[in-house]
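*Asks:* The structure under discussion is supplied below as structure tokens; questions concerning it will follow.
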Amino acid sequence: MKVIQFAALFLLLSTTGVYSASVPWNDFERQQAALKFLGSKSSSFDCGRKCNHRIFGVRTVNFDDHSKKLIAVSSSDPENNCHACAPQLSYLFYRVDQSGWELVASHVAFHYFGSWGDYPEELMSFDKISDREALVILRFGYTGQGYTEESITALSPSGSALKQVLSTCSGSDNEGAIYDPATQPLISWSAEVNIASSYEPAGGQRLVFDIEDRAKGSRSNAEFNFDGKQYRYASGDERMKNCEY
């Protein structure tokens, strides 16, 4: 079975501190501090001291008076060479302005996602949805016996941790399982968050999905609204209704 990955999340504390009011932000130094910290936390990982820690993404979102930065780390056993061998992912979430930088959110071993001991950085994005909010958006998919299923999870910094605010299906395809097209209808659709349509300067209260139906050659939309805890289906294409995980 092929797994398109998704990761165990985990935001770390830096070995050189969580705040600097005088030293400018430096990507390389922060990355090295993250790796050093992970190396000192072997008991937090299934792979222990054997772990291979790898920076797989640095993301930046710019606001009017500051930036938010996310450092993502994949941690796995060097011998993890199977489809189902998922790494533990780690994330550090920082606020950066002219006065310095501060680590504002951390979460250890949030969950496991991946394949072959790795996670492709293109499946993760860090997107601004209002003048003050940004979401970590993670994409996951797997294929087995000719069927492919996809999902999207969104995480929001909340206090000192990351909070899951969305987990929903985002696509399905049965092309690889069709033996008789005359009796087996093709299903092939996928959805993606439209950040531009979702953006509200003072809000962050909705997520708009663009949906492409490749089998029918059509497009549609669905909208999820924030209920104070989670983004939940509100209107639009009902394929995304009642499929929150």
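The values are calculated or read from the model by the stated rules, or taken from the named source; none is laboratory data. Bear in mind that the values here come from a model prediction, so they are computed numbers and not experimental data. Neighbour counts are summed over all protein chains in view; Cβ atoms, including those assigned to glycine, are modelled from backbone coordinates with ideal geometry.
*Asks:* Name the residues in region 77-101 that are surrounded by 19 or more Cβ atoms within 10 Å (Cβ to Cβ), in contact with a helix residue (DSSP H, G or I) (Cβ under 9 Å, 6 or more places away or on another chain) and at pLDDT below 85, would you?
*Replies:* GLN88, SER90, LEU92
*Asks:* Restricting attention to region 125-184, report how many residues are touching an Asp or Glu at 6+ places or on another chain (Cβ under 9 Å) and charged (D, E, K, R).
*Replies:* Selection size over region 125-184: 5.
Residues checked against (1) in a loop (DSSP other than H, G, I, E, B); (2) within 18 Å of LYS128 (Cα to Cα); (3) among the basic types (Lys, Arg):
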| position | (1), (2), (3) |
| --- | --- |
| ALA191 | no, no, no |
| ALA196 | no, yes, no |
| PRO201 | yes, yes, no |
| LEU207 | no, yes, no |
| GLU212 | no, no, no |
| ARG219 | no, no, yes |
| GLU223 | no, yes, no |
| ARG232 | no, no, yes |
| SER235 | no, no, no |
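*Asks:* Picking from ARG206, ARG139, which residue would you name as being in contact with a helix residue (DSSP H, G or I) (Cβ under 8 Å, 6 or more places away or on another chain) and within 25 Å of HIS66 (Cβ to Cβ)?
*Replies:* Of the residues listed, the single one that is in contact with a helix residue (DSSP H, G or I) (Cβ under 8 Å, 6 or more places away or on another chain) and within 25 Å of HIS66 (Cβ to Cβ) is ARG206.
*Asks:* I would also like to ask the following. For a quick check of your reading: which strands (runs of 3 or more DSSP E) sit entirely within region 98-175 and have at least 3 residues that are touching a residue at least 12 places away in the same chain (Cβ under 8 Å) and of a type in the set (A, V, I, L, M, F, W, C)?
*Replies:* Where strands (runs of 3 or more DSSP E) fall fully within region 98-175 and carry at least 3 residues being touching a residue at least 12 places away in the same chain (Cβ under 8 Å) and of a type in the set (A, V, I, L, M, F, W, C), they are 100-106, 134-144, 147-158, 161-173.
*Asks:* If you take the residues of region 177-199 that are polar (S, T, N, Q) and in contact with a Lys or Arg (Cβ under 8 Å, 6 or more places away or on another chain), which of them is surrounded by the fewest Cβ atoms within 10 Å (Cβ to Cβ)?
*Replies:* Looking at the filtered set, the residue picked out is SER188.
*Asks:* Quick one: how many residues across region 73-126 are charged (D, E, K, R), under 13 Å from the mean Cα position of the chain (by Cα) and under 19 Å from LEU162 (Cα atoms)?
*Replies:* 1
*Asks:* Being surrounded by fewer than 22 Cβ atoms within 10 Å (Cβ to Cβ) and either modelled with pLDDT of 90 or more or within 19 Å of VAL61 (Cα to Cα) (or both) is the filter here; which residues of region 167-176 pass it?
*Replies:* Correct list: SER167, CYS169, SER172, ASP173, ASN174.
*Asks:* In region 146-166, which residues are at pLDDT 85 or above and at positive phi?
*Replies:* Correct list: GLY146 only.
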